Structures are given as C-alpha cells and as structure tokens.
Amino acid sequence: MKVLATILFTLFLLGCGGKELSKEDFMKIKSGMTQAEVVKILGSPDKNDRAGSYNGKSMQLLSWGEDIEISLLGGKVETVTYKGEELLNPAE
C-alpha cells in the first residue's frame, strides 16, 4: 500500500511540475499580444483576475507564481512584470 501511495504521489508531483519559467521566457512576450498568444508561450497562468475596465476596455491581471505578472487591457498585453521589475517595453 505504501508503494502505491508513493507512486501516486510521485505522479501527482510530476503532473504539477510545469515548465520552470525564466525572465527570458517573459522577454518573448510582446506588447499587444493576446492572452491566447501569451498562454501558448508560457502555459496557463496560476491566476487570472479581472480588474474592471479603463476607457471602456476590460482589464485583466495574469500571474504565474508570486513574481510574474502580465496586465492586459482590452485583451492585449500592456505590461510585463518579472520579480517586481516592469519590463517597460516588452516589444523589444
């Protein structure tokens, strides 16, 4: 029984262990990309919060872990923040 529990736990951990994301991964994100384009590069975010609207456009905040955030305005990337450092022009 302990062996089965160990195998199941190991499989669970492997399933939870997604790609380790780095600053280089986030440098691939360009201003104006859609959420679908971002998810294709980085995988699904851990958190997807709707933050209201601005000038009639919806605002969202996508988060991967505690250090990585991407804000969307009208469904398009506005800012990319990695470990508190805003990558001011993610298009470069």
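The values are calculated or read from the model by the stated rules, or taken from the named source; none is laboratory data. Computed from a predicted model, the values in this text were never measured in an experiment. No Cβ is skipped: glycine too gets one built from the backbone with ideal geometry, and neighbour counts run over all protein chains shown.
Annotation: of all residues in the range 21-38 being under 12 Å from G75 (Cβ atoms) and of a type outside the set (S, T, Y), the one that is farthest from the chain's Cα centre (by Cα) is G32. Among the residues of the range 38-59, which ones are of a type outside the set (G, A, S) and either touching a residue at least 12 places away in the same chain (Cβ under 8 Å) or touching a strand residue (DSSP E or B) at 6+ places or on another chain (Cβ under 8 Å) (or both)? Of everything in the range 38-59, those that are of a type outside the set (G, A, S) and either touching a residue at least 12 places away in the same chain (Cβ under 8 Å) or touching a strand residue (DSSP E or B) at 6+ places or on another chain (Cβ under 8 Å) (or both) turn out to be V38, I41, L42, P45, D46, K47, N48, D49, R50, Y54, K57, M59.
Would you be able to say whether some residue in the range 63-71 is under 15 Å from S22 (Cα atoms) and in contact with a Lys or Arg (Cβ under 6 Å, 6 or more places away or on another chain)? Taking every residue of the range 63-71 in turn, at least one turns out to be under 15 Å from S22 (Cα atoms) and in contact with a Lys or Arg (Cβ under 6 Å, 6 or more places away or on another chain). Looking at the range 51-60, can you tell me whether even one residue there is under 19 Å from E86 (Cα atoms), surrounded by 13 or more Cβ atoms within 10 Å (Cβ to Cβ) and not charged (D, E, K, R)? Within the range 51-60 (the criterion being under 19 Å from E86 (Cα atoms), surrounded by 13 or more Cβ atoms within 10 Å (Cβ to Cβ) and not charged (D, E, K, R)), the answer is yes, since at least one residue qualifies. Residues of the range 74-88 that are assigned to a loop (DSSP other than H, G, I, E, B) and of a type in the set (K, R): K83 alone.
Yes/no per residue for (1) modelled with pLDDT of 90 or more; (2) among the acidic types (D, E); (3) touching a Phe, Trp or Tyr at 6+ places or on another chain (Cβ under 7 Å); (4) on the phi > 0 side of the Ramachandran plot:
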| site | (1), (2), (3), (4) |
| --- | --- |
| K40 | yes, no, no, no |
| A51 | no, no, no, no |
| D67 | no, yes, yes, no |
| L72 | yes, no, no, no |
| K83 | no, no, no, yes |
| N89 | no, no, no, no |
